[in-house]
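The values are calculated or read from the model by the stated rules, or taken from the named source; none is laboratory data. Just so we're clear, the structure is a prediction, and the values are computed from it rather than from any experiment. Cβ: placed from backbone, ideal geometry, glycine included. Neighbour counts: every protein chain shown. Heavy atoms of the whole protein, side chains included, go into the accessibility calculation; ligands, DNA and RNA do not. Shrake-Rupley method; radii C 1.70, N 1.55, O 1.52, S 1.80 Å.
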Amino acid sequence: MRCAGRAAGVLLAFVVLTTVRAAGPAAPAVEMGETLLPSPVKRVADGAVVIAGRARGSAVVRVRVTASAGGSWEARPRAAEGRFSCRYPQDFSGAPALAPAALYVDATDAADFGGAGMLEHQAEAVVIVAGPAGGPPPDLPQIFTDDFIDAAGKKDADCAQFARNRTLVNLFLRSRAATLMRVARPAFDLAKPEDFAWFKDTASLYDFDHRDRDWAQPLGHRVARGFWQAVWNRWFNASNDHPWDGNPANRAPGNFRPYTFANDPADLAVLHALLRPARPVVADHRSGLLMEVMENILALQHRGVENFALAEAGGRQEHYTAGAFRYGMFETGEWMTEGTGWFANPEFRDFAAGGVFNGRCVWAMGEVLRADPAGPLANQLREAIPLAARFCLHDGLARRYTRRTAGGLPVWGRPGEHGYLVLGLVAASDVAPELPVVLDPALPPRPLREVCREALDALVESAGPDGTWSTYADVDAVNIAALAAGARSFSAKPGAAKWKAAACRAADVWLGLQSLPAERTEPTPLLTHRKGGGMTWHLGQEKHGHVSLYLNGHWLHALAALHGVTKEARYLDRANGIAAWFCGRNPLHVRLLNEIGAVNNRVTDSDGDGIEDRITWDGYPESTAFFQIGLVQLMRQ
């Protein structure tokens, strides 16, 4: 349910750009994985965060905590019998009282942080300090997608968030993770114009190229300023078509127009909507940015009765009409169509058979409506959601994009796409249950709550004999998350018990799987695709096993949400294990949720010993969005 070919392309591009050693580094002299147990999510009510781990001998360990709100403090506990421990903030001189935040923790037994011996001496982690369960989430930095505009309209070095962004971007580019990715820049300073330019081109998803034009007028089909790209500027290359100078033979970096797929801004919009209740540390532009992005997502929805799909070179042609979402948009406001951008390669057909865009766009629309039901786009969202539902649950039947269950209920798209659709319908139904939805134009409108419950029933009916839907981990995780969401929102309705039971049955199948013995030598909380009665870490014909991080973002979401409606400890325990792995309890001893708010695409086992040892800089919209969506769910428990 992602652009699988795109993932391979991103990896290929950055293996070239950020080549790493064949095998990973040895474990550092200091490790602090136990800090993240039983969960990387701590509570303000705990009064302290215990930072503990192992160190060689009786060394003095330098521990530094940098808070996402700004500020950095150190403690120097001495290891005794190979172990050390300290408490934040009590043992950190000058540190403020514990408050909701992300805490970036670095520990070393060297004389200082960083330096030539960093990989041998230094480990890192991130701890999430939250308020009470069910309360607002902490203000997690989203520098990866930030527009560097504040609420007063000030930009770049003058914006209110610049000081915080500078601290965290600088920290990231001097981190253990960045060193392993071979993008570390020890002298980097975001305040330097040349370094800020590098960041915009190489480590940001936001389109700065057109940010400062006159936005009183749209840019082609692009109606608003806010624009999150599929990847950052320097990734786009000759395989992506649309050279700026019209000459595809000019393969110079920067000659190819960036674009976004419809799903990328939609995934990130879900995250930003879920973080909306957070109390901002500074008066940035996040609410306005989300509305701008949503305006462009709404512009991607087709409203005409004609078919917008184009004939392909081989003669095939899809049929997408009112309610369906276009595949994407170049930052210049041109539609991405068959034969352009990513789809210049005829093997890449993520738009086929219903595509992978509609369900995720509906999820974004539903979450944004739920987050702000009286907001500036509420009326447009209330029009767009029923129109998309009609295409997916009725009009798609004619082209077999939609199929029927044995009980006659419509199921949208390829496996898993219906789950995204349901997540959006549930979110919208929470605040607009009576919204009229016309599926069959020959029949009267139905309230959204009815359409939503029927779509949940269809998920149950579409499961296979063992209660699962697919061998792909993302498919089943999304469906489980959707059923759990329905069981929560409609807890008093007769179907809730059935949806919850179906979600548990599928989840338990997956939690019972073990990695194939030939592929894995170290236990892991992560999940990947099914094969031969177990789980495989090899996708297709790829030589090296790898962890697809977006998959486990989905599973964190699914398991945390399922715990929310069942209170079964096994779901929470596995969710905590997944979250801890991302936060630093992993073989590379790095924070995969990094200081700029990005999460990498994958981590690879390059030497075939069954343990991940290689990481490249390939921060990704899907993995970033899905892990943090799951983290928000976990904080609610």
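Please pick out the residue among ALA484, ALA518, ALA502, ALA463 that is closer than 26 Å to CYS583 by Cβ and of a type in the set (Gly, Ala, Ser).
Values: ALA518 fails: closer than 26 Å to CYS583 by Cβ; ALA502 fails: closer than 26 Å to CYS583 by Cβ; ALA463 fails: closer than 26 Å to CYS583 by Cβ.
None of the others qualify; the one that does is ALA484.
Out of the residues in the stretch 148-180 meeting the condition of being closer than 13 Å to ALA283 by Cα and among the charged types (D, E, K, R), tell me which one is surrounded by the fewest Cβ atoms within 10 Å (Cβ to Cβ).
Checked the stretch 148-180; the qualifying residue surrounded by the fewest Cβ atoms within 10 Å (Cβ to Cβ) is ASP158.
Checking the conditions here, which among GLY486, GLY545 is closer than 30 Å to GLU434 by Cα and open to solvent by less than 20 Å² (accessible area, probe 1.4 Å)?
Working: GLY545 fails: closer than 30 Å to GLU434 by Cα.
Just one listed residue meets the conditions, GLY486.
Looking at the stretch 250-263, I want the residues that are over 19 Å from TYR620 (Cβ atoms) and have a partner that is assigned to a loop (DSSP other than H, G, I, E, B) and open to solvent by less than 10 Å² (accessible area, probe 1.4 Å) with Cβ atoms under 8 Å, at least 6 apart or on another chain. Which pairs are those?
Pairs that qualify, where the first residue is over 19 Å from TYR620 (Cβ atoms) and the partner is assigned to a loop (DSSP other than H, G, I, E, B) and open to solvent by less than 10 Å² (accessible area, probe 1.4 Å), are ARG257/PHE236; ARG257/GLU331.
Any idea which residue in the stretch 564-609 is farthest from GLN122 (Cα to Cα), counting only those that are among the small types (Gly, Ala, Ser) and open to solvent by 10 Å² or more (accessible area, probe 1.4 Å)? Outline the logic, then answer.
Within the stretch 564-609, the subset among the small types (Gly, Ala, Ser) is 564, 569, 575, 577, 579-580, 584, 597-598, 606, 608.
The next check asks that each one be open to solvent by 10 Å² or more (accessible area, probe 1.4 Å); those that pass are 564, 569, 577, 606, 608.
Working: GLY564: 36, ALA569: 33, GLY577: 22, SER606: 22, GLY608: 25 Å.
Looking at residues that are among the small types (Gly, Ala, Ser) and open to solvent by 10 Å² or more (accessible area, probe 1.4 Å), I get GLY564.
Name the single residue, out of those in the stretch 251-263 being at pLDDT below 95 and touching a Lys or Arg at 6+ places or on another chain (Cβ under 9 Å), that is most open to solvent (accessible area, probe 1.4 Å).
Filtering first and then ranking leaves PRO253.
Quick one: which residue in LEU592, LEU634 is in contact with a strand residue (DSSP E or B) (Cβ under 7 Å, 6 or more places away or on another chain), in contact (Cβ under 8 Å) with a residue 60 or more places away in the chain, of a type in the set (A, V, I, L, M, F, W, C) and closer than 25 Å to ASP201 by Cβ? Explain how you work it out, then say what you get.
Values: LEU634 fails: closer than 25 Å to ASP201 by Cβ.
So the residue among LEU592, LEU634 that is in contact with a strand residue (DSSP E or B) (Cβ under 7 Å, 6 or more places away or on another chain), in contact (Cβ under 8 Å) with a residue 60 or more places away in the chain, of a type in the set (A, V, I, L, M, F, W, C) and closer than 25 Å to ASP201 by Cβ is LEU592.
Given the condition part of a loop (DSSP other than H, G, I, E, B), modelled with pLDDT of 95 or more, among the small types (Gly, Ala, Ser) and touching a strand residue (DSSP E or B) at 6+ places or on another chain (Cβ under 7 Å), answer yes or no: does some residue in the stretch 146-158 qualify? Outline the logic, then answer.
Pass one, the stretch 146-158, residues part of a loop (DSSP other than H, G, I, E, B): 146-148, 151-154.
Next, from what is left, pick out any that are modelled with pLDDT of 95 or more: 146-148, 151-154.
Retained after the next criterion (residues that are among the small types (Gly, Ala, Ser)): 151-153.
Subsequent filtering for residues that are touching a strand residue (DSSP E or B) at 6+ places or on another chain (Cβ under 7 Å) retains 151.
There is at least one residue in the stretch 146-158 that is part of a loop (DSSP other than H, G, I, E, B), modelled with pLDDT of 95 or more, among the small types (Gly, Ala, Ser) and touching a strand residue (DSSP E or B) at 6+ places or on another chain (Cβ under 7 Å).
Take the residues in the stretch 77-98 that are more than 15 Å from ALA123 (Cα to Cα) and among the basic types (Lys, Arg); name whichever of them is nearest to the chain's Cα centre (by Cα).
ARG87
Please count how many residues of the stretch 455-481 are acidic (Asp, Glu), open to solvent by 20 Å² or more (accessible area, probe 1.4 Å) and within 28 Å of the chain's Cα centre (by Cα).
Let us first name the residues in the stretch 455-481 that are acidic (Asp, Glu), namely 457, 461, 466, 474, 476.
So of that shortlist, the ones also open to solvent by 20 Å² or more (accessible area, probe 1.4 Å) come out as 457, 461, 466.
When the remaining residues are screened for being within 28 Å of the chain's Cα centre (by Cα), the result is 457.
Counting residues in the stretch 455-481 that are acidic (Asp, Glu), open to solvent by 20 Å² or more (accessible area, probe 1.4 Å) and within 28 Å of the chain's Cα centre (by Cα) gives 1.
The rows are residues; the columns are (1) modelled with pLDDT under 95; (2) within 20 Å of THR260 (Cβ to Cβ); (3) in contact with a helix residue (DSSP H, G or I) (Cβ under 7 Å, 6 or more places away or on another chain).
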| site | (1), (2), (3) |
| --- | --- |
| MET294 | no, yes, yes |
| ALA299 | no, yes, no |
| GLU306 | no, no, no |
| ALA309 | no, yes, no |
| GLY315 | yes, no, no |
| HIS319 | no, no, yes |
| ALA322 | no, no, yes |
| ARG326 | no, yes, no |
| GLY333 | no, yes, no |
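Would you check which residues across the stretch 219-249 are in contact (Cβ under 8 Å) with a residue 24 or more places away in the chain, in a loop (DSSP other than H, G, I, E, B) and either under 24 Å from the mean Cα position of the chain (by Cα) or closer than 16 Å to LYS200 by Cα (or both) and list them?
ALA224, ARG225, GLY226, PHE227, GLN229, ALA230, VAL231, TRP232, ASN237
Look through the stretch 613-637, keep the residues that are assigned to a loop (DSSP other than H, G, I, E, B) and open to solvent by less than 10 Å² (accessible area, probe 1.4 Å), and return whichever of them is nearest to LEU171 (Cα to Cα).
First pass over the stretch 613-637, keeping only residues assigned to a loop (DSSP other than H, G, I, E, B): 613, 615-618, 620, 636-637.
Okay, now just the ones that are also open to solvent by less than 10 Å² (accessible area, probe 1.4 Å), so 615-618, 620.
Values: ILE615: 18, THR616: 17, TRP617: 15, ASP618: 18, TYR620: 19 Å.
So the residue we want is TRP617.
With the requirement that a residue be touching a residue at least 40 places away in the same chain (Cβ under 8 Å) and open to solvent by 20 Å² or more (accessible area, probe 1.4 Å), what does the stretch 298-320 give you?
If the condition is that a residue be touching a residue at least 40 places away in the same chain (Cβ under 8 Å) and open to solvent by 20 Å² or more (accessible area, probe 1.4 Å), then ALA299, ARG303, GLU318, HIS319 are the ones that fit.
For the stretch 226-250, what are the residues that are open to solvent by 40 Å² or more (accessible area, probe 1.4 Å) and modelled with pLDDT of 95 or more?
First, pick out the residues of the stretch 226-250 that are open to solvent by 40 Å² or more (accessible area, probe 1.4 Å): 234, 237, 239, 241, 244-250.
Answer for the stretch 226-250, where residues must be open to solvent by 40 Å² or more (accessible area, probe 1.4 Å) and modelled with pLDDT of 95 or more: there is none.
Among the numbered conditions (1) touching a residue at least 60 places away in the same chain (Cβ under 8 Å); (2) more than 23 Å from the chain's Cα centre (by Cα); (3) open to solvent by less than 60 Å² (accessible area, probe 1.4 Å); (4) over 22 Å from LEU592 (Cβ atoms), tell me where SER491 comes up short.
Checking SER491 against (1) touching a residue at least 60 places away in the same chain (Cβ under 8 Å); (2) more than 23 Å from the chain's Cα centre (by Cα); (3) open to solvent by less than 60 Å² (accessible area, probe 1.4 Å); (4) over 22 Å from LEU592 (Cβ atoms), the one that fails is (3).
Could you run through the stretch 168-204 and say how many residues are within 15 Å of GLN142 (Cβ to Cβ) and in contact with a Gly (Cβ under 8 Å, 6 or more places away or on another chain)?
Within the stretch 168-204, the first condition is being within 15 Å of GLN142 (Cβ to Cβ), and the residues that meet it are 168-169, 172, 199, 203-204.
Okay, now just the ones that are also in contact with a Gly (Cβ under 8 Å, 6 or more places away or on another chain), so 203.
Of the residues in that region, 1 qualify.
Sort through ALA101, ALA107, ALA52 and tell me the only one that's modelled with pLDDT of 95 or more, within 28 Å of the chain's Cα centre (by Cα) and within 29 Å of ASP613 (Cβ to Cβ).
Numbers: ALA101 fails: within 29 Å of ASP613 (Cβ to Cβ); ALA52 fails: within 28 Å of the chain's Cα centre (by Cα).
Of the residues listed, the single one that is modelled with pLDDT of 95 or more, within 28 Å of the chain's Cα centre (by Cα) and within 29 Å of ASP613 (Cβ to Cβ) is ALA107.
Here's a check for you: in the stretch 421-470, which residue that is out of contact with any Ser or Thr (no Cβ under 6 Å at 6 or more places or on another chain) and among the polar types (S, T, N, Q) is nearest to LEU511 (Cα to Cα)?
So the first thing to find is which residues in the stretch 421-470 are out of contact with any Ser or Thr (no Cβ under 6 Å at 6 or more places or on another chain), and the list is 421-425, 427-429, 431-447, 450-451, 453-457, 459-460, 463-470.
When the remaining residues are screened for being among the polar types (S, T, N, Q), the result is 429, 468, 470.
Working: SER429: 30, THR468: 12, SER470: 14 Å.
Among residues in the stretch 421-470 that are out of contact with any Ser or Thr (no Cβ under 6 Å at 6 or more places or on another chain) and among the polar types (S, T, N, Q), the one nearest to LEU511 (Cα to Cα) is THR468.
Residues ALA197, ALA266: which one is within 25 Å of the chain's Cα centre (by Cα), crowded, with 18+ Cβ neighbours inside 10 Å and not in a loop (DSSP other than H, G, I, E, B)?
Sole residue among the options that is within 25 Å of the chain's Cα centre (by Cα), crowded, with 18+ Cβ neighbours inside 10 Å and not in a loop (DSSP other than H, G, I, E, B): ALA266.
Out of SER72, SER93, I need the residue that is over 20 Å from ALA178 (Cα atoms) and of a type in the set (S, T, N, Q). Which one?
Working: SER72 fails: over 20 Å from ALA178 (Cα atoms).
From the options SER72, SER93, the qualifying one is SER93.
State which residue is most open to solvent (accessible area, probe 1.4 Å) when the search covers only the stretch 279-297 and only residues that are of a type in the set (A, V, I, L, M, F, W, C) and either touching a Leu at 6+ places or on another chain (Cβ under 7 Å) or part of a strand (DSSP E or B) (or both). Give the steps one after another, and end with the answer.
As a first pass, look at the stretch 279-297 and keep what is of a type in the set (A, V, I, L, M, F, W, C): 281-283, 289-291, 293-294, 297.
Among the residues that remain, those that are also either touching a Leu at 6+ places or on another chain (Cβ under 7 Å) or part of a strand (DSSP E or B) (or both) are: 291, 294.
Details: MET291: 27, MET294: 0 Å².
Once the filter is applied, the top-ranked residue is MET291.
Say we look at the stretch 504-533 and pick out the residues that are closer than 18 Å to ASP609 by Cα and of a type in the set (Gly, Ala, Ser); which of these is surrounded by the fewest Cβ atoms within 10 Å (Cβ to Cβ)?
My answer is ALA518.
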